[in-house]
């Protein structure tokens, strides 16, 4: 459970087929988006410029990854009515899609019969899982991540992601 192993960028750059992201929190408090979130809360305006300083690093990374033939999918399990943070995420998701990600949303009440992992995660090429660790306020906790490669864990996590994906509503059809 150490961060001395591969991190997100290592795993994504090694991916050859797929990268799937499962998000299950209704709010996050990570510092690199705090100013953008506060601006949105104050003005109602969200940065949706793929070339902006906020988005460009992610957009470039996704585009490079997709150009290598890697499919990137993001599934979000959300409570309804949605939180301010989820409205903020929804307002910016067009940039994820422009970059090359496919995004779906699943209302939490529709996930009751699914067996879901306890943490947000990424699954790479059906061979490794990176679990993200957050505290109760949505900030990163230590260690920030945990990488698991045991086939039975990867298979369970992948099955959970696919179940959410199948039930999920494509971004363009999900309104907040």
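Taken together, the values in this text are just the output of simple stated rules run on the coordinates, not laboratory data. Not measured: the values here are computed from a predicted model. Note that each Cβ is placed from the backbone with ideal geometry, even for glycine, and that neighbours are counted across all protein chains shown.
Among 82, 123, 129, the order by Cβ neighbours within 10 angstrom, fewest to most, reads 82, 123, 129.
So what's the back-of-envelope 222 nm ellipticity for the chain, counting only DSSP H runs of four-plus at -39500 (n - 2.57) apiece and dividing by all residues, rounded to 500? That calculation yields -11000 deg cm²/dmol at 222 nm. As a proxy for reagent exposure, ranking 28, 88 by other Cβ atoms within 10 Å from fewest up yields 28, 88. If you sort the three axes of the alpha carbon gyration tensor as a ≥ b ≥ c, you get a/c of 1.5 or more for region 45-111 and a/b no higher than b/c, which makes it oblate.
Of the beta bridges in region 8-173, as assigned by DSSP with both residues counted there, near 55 percent are antiparallel. The fraction of all Cα pairs in the chain landing in successive 10 Å bins from 0 to the largest distance is 10, 36, 42, 12, 0, given as whole percents. Anyone know which of 128, 79, 112 comes out most mobile in the 10 Å Cα GNM of the chain? Result for the chain, Cα springs under 10 Å: 112 fluctuates most.
Answer rounded, prolate or oblate for region 121-168, using the Cα gyration tensor with square roots of eigenvalues a ≥ b ≥ c: rounded when a/c is under 1.5, else prolate when a/b is larger than b/c, else oblate.
Numbers: a/c = 3.04, a/b = 1.41, b/c = 2.16.
It comes out oblate by the Cα gyration axes.
Counting 0.36 nm for each residue step from residue 41 to residue 127 and taking away their Cα separation leaves a gain of 27.1 nm.
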